[in-house]
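Right, one structure below, let's go through it.
Every number here is computed from the coordinates shown, using simple stated rules; none is lab data. In this text the structure is predicted, and so the values were computed from the model without any measurement. Please note: Cβ atoms are built from the backbone with ideal geometry, for glycine as well, and neighbour counts cover all protein chains shown.
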Amino acid sequence: MNSVSPVQRAKMVNAFDPASVSGLSDSTKRSVQRRTSLLGPAYRLFYNEPVEVKRGTGVLLYDSDGNEYLDAYNNVVSVGHCHPRVVDAVGEQMRTLCTHTRYIQDSILDFAEDLLGTFGGRIEHVMFTCTGSEANDLAFRIAKHRTGKSGIIITDEAYHGNSDLTASFSPSLGRYSRLGAWVRRVPAPDPYRVPIDDMGEWMAEQVSAQIRDLERRGEGLAGFIADSLFSSDGIFAHPTTLLAPVIDVVHEAGGLFIADEVQSGFGRTGEAIWGYQRHGIAPDIVTMGKPMGNGFPVAAVAMTSDAVEGFGRDVRYFNTFGGNTVAIAAAQAVLDVVRDERLQENAHRVGTMIRDGFAALATRHELIGDVRGAGLYVGVEMVEDRETKKPDAAAAAAIVNGLRARRVLISATGPAGNVLKIRPPLVFSDAHVDRLLSETEAVMASL
């Protein structure tokens, strides 16, 4: 067991192996060794040759030598690195007041009203946290309190956070990260490998089987949680008829449906402000995270009155930094920019260009088995053979690292790590698409 590297044990796609410093420049080697010494062994870097970043603007990052990188990966800065409206909003509020939610303040109420207006359906309340992990943690606590049950159903390779609770239902963290005994998994809805006519009914049957098992073992169903793009499972944006049958069986069992919008929210899919809206469903709870503050730590849980009524009556909730005045200023600025700059529409148009471009590459490169996604969340699956569809993780890694060498940043995902993950800030433009595609063509030609 000791011969297995930490990167192999603690599974992470596109991870740098700290044992492989021999080929790095002296300055990079020193930085890696210093990082390991000071931050310990649990942190991970990306790429075979880690990237140093010094500053950023829009979709561009720069190292200390002034080298420019095209960022086609970071959804955290959803409206672009250092967007001036967000920077100004945060700075102005920090100069005015930074305090928690136990005082009457109009800003948090104004933002809550604005945010709630984007959901429609039955969502009426919102509670603020600092991270998506905290949001999913709180959502599950609410679901357990509402139902009196403890079971949760997820997809095979889901990721929902890294708190003790959410890591317990995040299998993508790897086999050494233990899942809870009250967790059940269903297969990811992969239309590339499972060509089922009615995938929604198929998935609902999978969920029903796990509900029965939870009930038989005395856990019962508290909730089903899903990221509607199934990001860690390999990025599956279609069919959009998928989740309606699932929510029906969840509700029939008395459980709550939790829509994890950390990855797919804030206009990223291009078709709706929230990913679940593409499926025409009305969840009981919606969670938000990373992109909400464009890098400032702010997240939220929105829910129906029915879901939270008992929890609010019986349990006191407070988060010192969740919903503080500076966080709310950042979140309001991001939501305003998404609307004012029509970034949802941009995500739809530019994302279509990316998928069309990779589909064209697929006519010249047999390694590409499938191109999929929605808006500015694109998955490109690499296979050894199009007939067998055998995953080719080595090819995906070679492309990711080949692009890094050409200063274009993407990553990979999926249980086999063979799906290119392209998820740029929402301000990605036509020129950025051209650069991404031409550099990918060059890398693939060299393999």
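For the reader, a short list of remarks on this structure follows.
- Here the Karplus curve 6.51 cos²θ - 1.76 cosθ + 1.60, taken at θ = phi - 60°, turns the phi angles of segment 48-55 into couplings of 4, 10, x, 9, 8, 10, 10, 7 Hz, with x standing for Gly and Pro.
- For segment 234-293 and segment 66-129, distance of Cα centres in Å: 21
- Remark: segment 302-319, residue by residue, has Karplus-estimated 3J(HN,Hα) of 10, 7, 6, 4, 4, 5, 9, 4, x, 4, x, 6, 9, 10, 7, 10, 8, 9 Hz, where x stands for each Gly or Pro and the curve is 6.51 cos²θ - 1.76 cosθ + 1.60 at θ = phi - 60°.
- Contact order relative to length of the chain, as percent, for alpha carbon pairs under 8 angstrom and 6 or more apart: 21
- Only lysines eight or more places from K144 in sequence, or on another chain, were considered; those with a Cα closer than 26 Å are K290.
- Among beta bridges from DSSP that stay inside the chain, the antiparallel ones total about 65%.
- In loop segments of segment 234-272 as defined by DSSP, there are no chymotrypsin sites (Phe, Trp or Tyr not before Pro) with at most 14 further C-beta atoms inside 10 Å of their C-beta.
- Share of Cα-Cα pairs in the chain lying beyond 26 Å, as whole percent: 57
- Counting neighbouring beta carbons within 10 Å and listing from fewest to most, the residues T155, T325 come out as T325, T155.
- Among the GluC sites (Glu not before Pro) within segment 340-392, those in coil by DSSP and having at most 10 neighbouring Cβ atoms inside 10 Å are E387.
- For segment 85-93, Karplus couplings with θ = phi - 60° (6.51, -1.76, 1.60), whole Hz, Gly/Pro x: 5, 6, 4, 5, 5, 5, x, 5, 5
- Packing-based exposure ordering (other Cβ within 10 Å, fewest first) of L24, L109, L214, L343: L109, L24, L214, L343
- Among the trypsin sites (Lys or Arg not before Pro) in segment 215-315, those located in a DSSP loop and surrounded by at most 15 other Cβ atoms within 10 Å of their own Cβ are R217.
- Residue order, fewest to most beta carbons within 10 Å, for S438, S107: S438, S107
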